[in-house]
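Okay, structure first, notes after.
Please treat every number below as a calculation from the coordinates, not as lab data. Only a predicted model underlies this, so the values are computations on that prediction, with no experimental measurement involved. Glycine gets a Cβ as well: all are built from the backbone with ideal geometry, and neighbour counts include every protein chain shown.
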Amino acid sequence: MTQPIENVIIIGSGPAGYTAALYTARANLDPLVIEGFAWGGLLQQTTEVENFPGFPQGIQGPALMQAMRDQAERFGTRFITDMATSVELATEPGGIHKVWVDEDELHLARTVILAMGAEHKKLGVPGEEELGGRGVSYCATCDAAFFKGARTVIVGGGDSAMEEAIFLSKFAERVDVVHRRHEFRASKIMLDRARAIENIAFKTPYVVEEFVAVEGQQLPTARLRNVETGEIEALENVGTFIAIGHEPQSAIVRGQIDLDDEGYVITQGRSTRTNRPGVFAAGDLVDHTYRQAITAAGSGCQAALDAEWYLRDTPQVPTPVGMPEGDLAEAQWAPSAE
Ligand code: NAP
């Protein structure tokens, strides 16, 4: 098997990945996107997106991702709809990076843009998955407007939970913040802000046991359990937002790319550069503060420009063992049986 050495491989297919693809494609870098099976990132799981500029009437999350993918494809982006399973990232400037897909399919590249995103942490209780998008949500900023006048629940005790509760309180009739301890992880200022809002109440120490769809009820019932007394309480016809944190999808680069304590990729200054030369990172994989489609798209653009400038400015290292001599741009390399 022979294969070309790509200019750029992009791993991930949310707004960051597809924007990086669009920019690198328009720079004639012929990018290859390894987009996973469920391409499109977290926006594939949302309904209407009303806060992405350029769509005054709003747009469905999956339609927005399809449009981003189509736009990248229009300029020649190639896609592999499969998972990147491991990487071997070069340590020297100009070195060739290796990316494996589906265990045994090796791809080579001069630059890699990491855009694997983050997943909402799940409660892992019965009914959560089945009722996702039908009364159970992970993003009040995205979905609160659909719960106008409804009774709602926020699960979690951190800053995200408070922020979501405050946002949701403008739409919902009532917001119950359900948290498993009496103490909150949220900052005092956020907690105080939430406490000052009339239609936000706090239920502690409770956990959600399950979500149940009930016939004739528009929204599910959330069954709660008091962790001290064991008492069960059913909140009927409620929209629930789970805000218990995010998990960056950085497992395949752990040990090679510097990560913070929570597993987010660390980038240098205001750039998208990582600790490995020619490897850049963008989107929710890096950002645990803003986490918006538009900020992810913006950082995908930055990563594309960083990759373009790196390719322009970095001389190639001597031909790696196993590769033919000559211009690496034209090289066809038969990898050893790895
Ligand atoms: P976080 O601070 O890690 O809080 C997660 C919360 O969810 C905790 O209260 C935790 O409970 C609870 N939790 C975790 N797993 C749970 C489970 N399985 N069942 C029930 N509850 C569970 O996450 P975050 O709120 O997303 O914040 C992440 C970072 O972003 C923080 O540094 C935060 O300050 C920052 N942030 C800042 C702002 C702002 O300033 N405007 C807004 C959002 C986020 P325990 O406390 O019992 O562990």
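At-a-glance table
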read-out: From the options THR267, THR229, residue that is over 30 Å from PRO93 (Cα atoms), out of contact with any His (no Cβ under 7 Å at 6 or more places or on another chain) and assigned to a loop (DSSP other than H, G, I, E, B); value: THR229
read-out: Extreme residue, surrounded by the fewest Cβ atoms within 10 Å (Cβ to Cβ), among residues of the range 248-287 that are on the phi > 0 side of the Ramachandran plot and touching a residue at least 60 places away in the same chain (Cβ under 8 Å); value: GLY278
read-out: All positions within the range 1-44 that are among the hydrophobic types (A, V, I, L, M, F, W, C), touching a residue at least 12 places away in the same chain (Cβ under 8 Å) and farther than 23 Å from TRP309 by Cα; value: MET1, PHE37, TRP39, LEU42, LEU43
read-out: Residue list for the range 117-126, restricted to those being touching a strand residue (DSSP E or B) at 6+ places or on another chain (Cβ under 6 Å) and surrounded by 21 or more Cβ atoms within 10 Å (Cβ to Cβ); value: ALA118
read-out: Residue satisfying all of: in the range 154-175; part of a strand (DSSP E or B) and away from the ligand (no atom under 14 Å from the Cβ); surrounded by the fewest Cβ atoms within 10 Å (Cβ to Cβ) among these; value: ARG174
read-out: Hey, GLY54 under 18 Å from GLY298 (Cβ atoms) and without any contact (Cβ under 8 Å) to a residue 24 or more places away in the chain or not; value: yes
read-out: Matching residues, the range 7-51, being of a type in the set (Ser, Thr, Tyr) and assigned to a helix (DSSP H, G or I); value: TYR18, THR19, TYR23, THR24
read-out: Failed criterion for VAL8 (all others in (1) under 13 Å from MET68 (Cβ atoms); (2) surrounded by 20 or more Cβ atoms within 10 Å (Cβ to Cβ) hold); value: (1)
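Yes/no matrix, rows are residues, columns are (1) under 18 Å from the mean Cα position of the chain (by Cα); (2) crowded, with 17+ Cβ neighbours inside 10 Å:
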position	(1), (2)
PRO62	yes, no
ASP70	no, no
ARG74	no, no
THR77	no, yes
ILE80	no, yes
GLU88	no, no
THR91	no, no
VAL101	no, yes
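Yes/no matrix, rows are residues, columns are (1) free of Cβ contacts under 8 Å to residues at least 60 places away in the same chain; (2) touching a strand residue (DSSP E or B) at 6+ places or on another chain (Cβ under 9 Å); (3) within 13 Å of the ligand (Cβ to nearest atom); (4) under 20 Å from PHE171 (Cβ atoms):
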site	(1), (2), (3), (4)
ARG181	yes, no, yes, no
ALA186	yes, no, yes, no
ASN199	yes, yes, no, yes
GLY216	yes, no, no, no
